[in-house]
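Please treat every number below as a calculation from the coordinates, not as lab data. Quick caveat: nothing in here was measured; it's all calculated off a predicted structure. Don't worry about glycine lacking a Cβ; one is built from the backbone with ideal geometry, like all the others, and counts go over all protein chains shown.
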């Protein structure tokens, strides 16, 4: 082939590769460049309409920019019967946002040498807990915190079973965190809420947070509401549940988010380990979900063109909440809502305020 014939063939190959094989370059669409007052104004324009459209009476939002809380904004009402408004100090059920806070405490214990993340839990606490399945001896704190125990989410008054080889795939489980809680209480000799005050709430200034009901909550806690916005009964937990019973405010949880962004209170290696992908997220059928989704220790992780983010959601039926943060950008938000439909608009709210792409919300599929 002569030289002048080689050039057009080579050019054609380049054009084909550009047309079919090379994705278009994408820039981050996060709103990190907006001023704080612009971000807040965007939230003010967006949220009231979302609440009305979805029959959610109230919501509390905390925005984080450059590693600091730029606002704690209440919207709507906390009690549909009395019309009392949501306030900055209004307490909500955090539901599964309980899990990453507990995880942080476990990691502090690991840094102190009190627990080994890769040591089987049965070696610390040998009470009968799982019947007739020796695979439980493979379950470690790390396996619990990456949701790969093989346990169901909740046993629902049935015997606790293991559905697959621990550590081999993702399957979200509150039962795993309850098991780890029992081990931690045994190791430390302390009830969970006492331990959380010592290791997390007091050091971070989370003054309104507790895994059990406090007397002050009678005045500050939001009521919960069904999908029509009608008030429903509110539980008052007397016993802590590491997976689900945290009560807190948007401001308190934002302090925790900033702690995770900064890696505060942990060894640098432990802090990195927390937000390092441990297992790929899969759906309820065990199939691989969006390729940008993983689970670290306690938090979900998403890696998109916008950067690496940690996230988690909470669902206690008539309380819904969500948190997302970008460690490198020191950017994120948390919101708590008091209505059953409070995650139906999660993507609209988060993308509308922070910008960016959030595949975790698509995976949750609350629409």
Inter-site label distance for residue 191 and residue 215 at 7 Å from Cα along Cβ, in nm:
1.5
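Per DSSP H run of at least 4 residues, take -39500 (n - 2.57); add these up for the chain, divide by its residues and hand me the 222 nm value, nearest 500 deg cm²/dmol.
Theoretical 222 nm ellipticity from helices: -9500 deg cm²/dmol.
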So, in Å, what gap is there between the alpha-carbon centers of segment 82-111 and segment 254-333?
15
State the three equivalent ellipsoid semi-axes of segment 25-81, derived from the C-alpha gyration tensor as the square roots of 5 times its eigenvalues, in descending order and whole Å.
26, 14, 9
Given labels modelled 7 Å from the Cα in the Cβ direction, how far is it in nm from residue 365 to residue 238?
4.0
Please build a GNM for the chain, connecting alpha carbons under 10 Å apart, and tell me which residue among 188, 304, 220 fluctuates the most.
188
Highest GNM mean-square fluctuation, the chain, Cα pairs closer than 10 Å: which of 351, 218, 171?
218
Would you mind telling me the antiparallel percentage of the DSSP bridges in segment 36-364, rounded to 5?
95
With contacts defined as alpha carbon pairs under 8 Å and 6 or more residues apart, what's the relative contact order of segment 36-364 in percent?
25
Once both labels are modelled 7 Å past Cα along the beta-carbon direction, what's the residue 267-residue 137 spacing in nm?
2.8
Relative to the present Cα-Cα distance, how much length would full extension add between residue 163 and residue 126 at 0.36 nm per residue of separation?
11.2 nm
Peptide ranges 230-241, 175-186 listed from the most packed, as the mean C-beta count within 10 angstrom indicates
175-186, 230-241
Of 243, 43, 62, which has the largest mean-square fluctuation in a 10 Å C-alpha GNM of the chain?
43
What is the diffusion coefficient of segment 36-364 in µm²/s, taking the Kirkwood radius over Cα pairs and the Stokes-Einstein relation at 37 °C with a viscosity of 0.692 mPa s?
165
